[in-house]
Structure formats: structure tokens, C-alpha cells
1. Within segment 1-41, track down each residue that is open to solvent by 50 Å² or more (accessible area, probe 1.4 Å) and either in contact with a Leu (Cβ under 8 Å, 6 or more places away or on another chain) or within 19 Å of ALA129 (Cβ to Cβ) (or both).
2. Looking only at residues in segment 46-65 that are in a loop (DSSP other than H, G, I, E, B) and within 20 Å of GLY121 (Cα to Cα), which one is least open to solvent (accessible area, probe 1.4 Å)?
3. Which of the numbered conditions does ALA73 fail, given that it passes all the others? Conditions: (1) farther than 23 Å from LYS13 by Cβ; (2) open to solvent by less than 20 Å² (accessible area, probe 1.4 Å); (3) at pLDDT below 90; (4) among the small types (Gly, Ala, Ser).
4. If the requirement is being surrounded by fewer than 17 Cβ atoms within 10 Å (Cβ to Cβ) and either assigned to a loop (DSSP other than H, G, I, E, B) or modelled with pLDDT of 80 or more (or both), which of these qualifies: ALA128, ALA89?
5. In this structure, is LYS105 basic (Lys, Arg) and without any contact (Cβ under 8 Å) to a residue 12 or more places away in the chain?
6. Quick one: which of ASP165, ASP146, ASP110 is open to solvent by 20 Å² or more (accessible area, probe 1.4 Å), modelled with pLDDT of 85 or more and not in a strand (DSSP E or B)?
7. What number of residues within segment 11-45 satisfy the criterion of being of a type outside the set (S, T, N, Q) and either on the phi > 0 side of the Ramachandran plot or outside any strand (DSSP E or B) (or both)?
Amino acid sequence: MNYEIQTGWVGRKPYAVFYKHYLPFNVRGDGVLIFIGGGGHTMRVWEETPDDRRGWASILAERGREVIIFNWACGSPDVYRCSVKELCALTQKENLELTRQLVNKETAKDRKIIFFGWSMGGLLATLAAARLDFACAVSYYGVDLDQHGAALRLLRCPSLLQVGDADEKV
């Protein structure tokens, strides 16, 4: 393995964010890839696939890319142990603040932030791209984007929004 993994928390329990920071020994590029999954999913979706193959976090780290993966705020490193009430207790503003704290704590000022979110994380990636200083953002099947038109008009960086128009939940 040509990288190390550091773990930590931002925020305060019960609504703290647990994260893993993949730090390659020989970093390539000047960007930090930050991934968050959908609400109710853990960061394990970036660590392994359902059929036990390696996930994006380790693949990218092995190729010299700095990666941070994190869970939704619920006070546990394993989101599956969190109740729906815990996952939905914070407002988007509070989730954005925890994201800002994570970025400030774990990234050097000269690093470009590439934020990738899926489902509920896609919404967070889009809202964060309108408020924080990112190099780019990707929202894959971001939920409820149609309810955040003002944020879409304020995007501060190049953004890719993958919307599933045939999916009634997106």
C-alpha cells in the first residue's frame, strides 16, 4: 500500500462527521477529491463494492490522488447504526457548515477541492459548490435539486449535475 489513512471527526456529537483521509506517499496533482454518499449510506460505498472489489478511495489513492471520504453527521462512524431521525436532524445549513469545517481542517489552502456527491450527497455537493471555494463539483443523481434554484444560479465553480429525469425519486 503506497498511502496511509488518517481518520477523524469534525463537529460535536451527537452531530459529528466521521471521515477518512487517504494520503498517498507520492501525491500526484494539486487536487483533493472529497466524496460523500447518499443519506443513510456509509462512506463504505467509496471503499468497496457490493461484490468485494476495491472502491474508488483506495484505487485513487494508489494512483497518487489525495482522497477524503465522509459520513453524514450522526455521531457514529457507521451510518447504518444511525436512526433516520439522527440522519435528518440537521438542516442543509448545518451540513454545509460541517462540510466547511472538514475542508478547512483537512486540506491545505493551496489544494484544489473536487467535491463528488451522490443522491443526498449530490444535493450537498451542489449547495456547497454555491457557497464554498471548490475547483469543481459533481452531483450524481442529486435529490431535490429542483427545490434549490437559487443555489443553482449561484454555483461558483464548474459543476456537473447528473439528473435522472426518469427516476421519480430524483
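The values are calculated or read from the model by the stated rules, or taken from the named source; none is laboratory data. What you see is a predicted model, and the numbers here were worked out from it, not measured in a lab. Here Cβ is always computed from backbone atoms with ideal geometry, including for glycine, and neighbour counts include all displayed protein chains. These accessible areas exclude ligands, DNA and RNA; they are computed on the full protein's heavy atoms, side chains included. Shrake-Rupley method; radii C 1.70, N 1.55, O 1.52, S 1.80 Å.
1. Passing the criteria: GLU4, ILE5, GLN6, TYR15, ASP30.
2. Ranking the qualifying residues of segment 46-65, first place goes to GLY55.
3. The one condition ALA73 does not meet is (1).
4. Criteria check complete, one pass: ALA89.
5. In short, no.
6. ASP110
7. In the first step, residues of segment 11-45 are kept if they are of a type outside the set (S, T, N, Q); the result is 11-25, 27-41, 43-45.
Now narrow it down to the ones that are either on the phi > 0 side of the Ramachandran plot or outside any strand (DSSP E or B) (or both): 11, 13-14, 25, 27-30, 37-41, 43-45.
Count: 16.
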